[in-house]
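Since every read-out is calculated from the coordinates, none of them should be taken as a lab result. Every value quoted in this text rests on a predicted model; they were computed, and no experiment measured them. Reconstructed Cβ throughout: ideal geometry from the backbone, glycine too, with neighbour counts over all protein chains shown.
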Amino acid sequence: MEESQKTRITVWIFATQGGRLAKLARQQREEKKATVKALIAEGKKSREARIIVAAMTWPALEELVADAVRLRLAEPDLAGPWRPLSRTEAAELSLSGRWPGASKGISLVERNYSLPSDLVESLRTASWRVSVKTLRELHRKGLVGSGVKLTEEQKRQRDELAERLHSPGRIVRQALARFGPTADTRDVS
């Protein structure tokens, strides 16, 4: 089976999600070690036990993230169908940097994932298509940009508009919260 092309993407996820994924990775490593020990206890040679365990599959965290993102992108608000991004739109999306958002006192951590290229393209396209009008409104009203000083009313207005944005990172956070290996029991935006 041919492995699909991968695209590296950087997103900010909730620190709690990052911690849960790190814990899951540790648990997988411990399970592999325990399985090797159990096989040795059953009489297998150490090398043979390691070969057997290497042939066993534990899902890679990136596969779990990709599965969750696929499920999130299938939900009605993001499902499309979307017109592919033009070169100009793709360039504008790549330059958008950090999207504005209200600080809710929630810690985020940066994570890099190599996901199937078609999935990353779908993620970015859905993100842009559902957010572009709001992004343009934020810019038109002068509520974003480097060095912009906002009044309290402008901050409130920016935060209200930012709630309508679905950055790639926000979509990944929602995907992990709803469908990830350690899904939350509540909806998290």
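For the chain, the 222 nm mean residue ellipticity estimated from helices alone, with every DSSP H stretch of n ≥ 4 adding -39500 (n - 2.57) and the total spread over all residues, rounds to -18500 deg cm²/dmol. Put a plus charge on the Cβ of each Lys and Arg, a minus charge on the Cβ of each Asp and Glu, and nothing anywhere else: the dipole of the chain about its Cα centre is then about 480 debye.
Each label point was placed 7 Å from the Cα along the Cα-to-Cβ direction; for residue 121 and residue 23 their separation is 3.8 nm.
In this calculation the C-beta distance from residue 137 to residue 88 is compared with R0 = 22 Å, giving a FRET efficiency of 0.75. Pairs of lysines in the chain whose Cα atoms sit within less than 22 Å of one another amount to 14, provided the residues are eight or more positions apart or on different chains. Computed over the alpha-carbon atoms, the chain gives an Rg to Rh ratio of 1.09, Rh here being the Kirkwood radius from the mean inverse distance. Per-residue extension of 0.36 nm, minus the Cα-Cα distance of residue 15 and residue 58, leaves a gain of 13.1 nm for this segment.
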